[in-house]
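Peer 1: This is the structure I want to talk about, given as structure tokens.
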Amino acid sequence: MQSTSEELERRETRAFRWKFCLIYLAGVFAATSMGKMTPISVALRADLSLSLAQVALLTSLVTAVAAVLGLFVSYLLRPLPPHRMLVAGLVVMGLAGLLCARADSFAAMLGGRLAESVGYVVVVIVAPVLLFALGDGKRLTGALAIWGTFMPVGLALGSFAGGVLSAWLDWRGWLTVAAAATLVVAAGATRLPAVPVAARTDATGPGSQDRAARVRRLARPVSLGAGFATVSGSIVAFVTLYPTYLHEEFGLSTESAGTLTGVVSLAGVAGGFLASWLLVRGVRVTYLFLVALLMPAGAFAAFAGAGGLGLSVGSALIIALANELVVATVFAAVPLAVRATSDLGAANGLVAQLGSIGALATPPLVGLAVTAVDGWWAVGPCLLGVCVAGLVLLQIAVRQSAYGNTSVKEAA
């Protein structure tokens, strides 16, 4: 009897792992759309006769669409089967990527990127819903934290693979390979099982209340998303400003400064896996959110202009590790912020939308502060204010769990 029980547990574990890997790969390949245009921007500009503003728009369009449509798309997707929507989102991204690879004008490229952006929003909203349906307990809590690393992994994959393959195949070849890989993941995602209706809706619970009650139920997800916006904005501001700082302060070439910043950002992914390890061992999310304060602490040292390049890079690594740990914890904490399973999609949409808004708004605001005081030291105080506000919002979002999922009880 014991051996039968152990064999059943092993089978369930294997099933959980392969399903999680498919969902995680979907998120990673969706996130590559945000980084794959950066290494080919020069070639794009030359071949399609684009301006700098047009290239910047094509590069950042994914974040802009998520910032505008996140919540709206989550409500459109709510009655639809998430496993099918995940496949559909990936297929849209793959086909749009093929269109971009064949584009010969700004208008065609813009249309392809818009379609790709919509597919991206769909994937990042429904993928966590599928994760929640896989099970509960510490295993799910750890999986949600690992899921939080999909963004930096995808960005790194898009940037580094794009740089290597575009030099070998040209930019059209790189976009074709990226699109084909996304379609392969879409084909693999068709193996994901359907999510039972009970896991997606809660007609007898708070989801059946009036509109005012629904709005009140979104208060905690809004707080979580707003807190996530401060974290996202802080890391994007760092990544945006740090190469210029390295160039001006330490005399690094622009290429070396950009590469070093990319390496630091990629190393930060370890913070997400550390969050998973800690959450599985019962560390409360409220404690892990406190790590957000290490970001401004690292910024004070990284942008101090004293102590040499080694101190600056070491402090930058602290920023990246702390950021990714908090980001992973935010994704794991989504069940803490909702009152009904039917609100999970809306919560994911809010996190995606508000996080994208923070990523768009924070870098120029911090840049303006640096310009206004004519000193890089301003980055530290700016991130301190942003991260303290974000920490308060994150703590409010998870201060009390009203959703009866066992993973929530264990994560809390």
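Listed here are the residues, each with its yes/no results for (1) open to solvent by less than 10 Å² (accessible area, probe 1.4 Å); (2) under 22 Å from residue 227 (Cβ atoms); (3) hydroxyl-bearing (Ser, Thr, Tyr).
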| residue | (1), (2), (3) |
| --- | --- |
| 306 | no, no, no |
| 319 | yes, yes, no |
| 327 | no, yes, no |
| 330 | yes, yes, no |
| 339 | no, yes, no |
| 345 | no, yes, no |
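Peer 1: Restricting attention to segment 41-76, and to residues there that are under 17 Å from residue 89 (Cα atoms) and more than 17 Å from the chain's Cα centre (by Cα), which single residue is surrounded by the most Cβ atoms within 10 Å (Cβ to Cβ)?
Peer 2: Result: 76.
Peer 1: Take segment 81-107 and flag every residue that is of a type in the set (Gly, Ala, Ser), in a helix (DSSP H, G or I) and within 16 Å of residue 179 (Cα to Cα). Walk me through it before giving the result.
Peer 2: So the first thing to find is which residues in segment 81-107 are of a type in the set (Gly, Ala, Ser), and the list is 88-89, 94, 96-97, 101, 103, 105, 107.
Add one more test, that the residue is in a helix (DSSP H, G or I), and what stays is 88-89, 94, 96-97, 101, 107.
Within segment 81-107, 88, 89, 94, 96, 97, 101 meet the criteria.
Peer 1: Which residue, of 365, 393, is open to solvent by 50 Å² or more (accessible area, probe 1.4 Å) and at pLDDT 90 or above? Quick ask: steps written out before the conclusion?
Peer 2: Numbers: 365 fails: at pLDDT 90 or above.
None of the other options fit; the residue is 393.
Peer 1: Is it true that some residue in segment 93-113 is surrounded by fewer than 24 Cβ atoms within 10 Å (Cβ to Cβ) and under 22 Å from residue 351 (Cβ atoms)?
Peer 2: no
Peer 1: Specify the residue that is surrounded by the fewest Cβ atoms within 10 Å (Cβ to Cβ); the eligible residues are those in segment 16-40 that are more than 16 Å from residue 60 (Cβ to Cβ) and of a type outside the set (A, V, I, L, M, F, W, C).
Peer 2: We begin by selecting, within segment 16-40, every residue more than 16 Å from residue 60 (Cβ to Cβ); these are 16-29.
Among the residues that remain, those that are also of a type outside the set (A, V, I, L, M, F, W, C) are: 17, 19, 24, 27.
Values: 17: 13, 19: 21, 24: 18, 27: 24.
Applying the filter and picking the extreme gives 17.
Peer 1: Which of the following residues is farther than 21 Å from residue 279 by Cα, in contact (Cβ under 8 Å) with a residue 12 or more places away in the chain and not polar (S, T, N, Q): 316, 322, 306? Outline the logic, then answer.
Peer 2: On the way: 322 fails: farther than 21 Å from residue 279 by Cα; 306 fails: in contact (Cβ under 8 Å) with a residue 12 or more places away in the chain.
It is 316.
The values are calculated or read from the model by the stated rules, or taken from the named source; none is laboratory data. Source: prediction; values computed, not measured. Counting neighbours? That spans all protein chains shown, and the Cβs are built from the backbone with ideal geometry, glycine included. Surface areas here come from the heavy atoms of the whole protein model, side chains and all, with no ligands, DNA or RNA. Shrake-Rupley method; radii C 1.70, N 1.55, O 1.52, S 1.80 Å.
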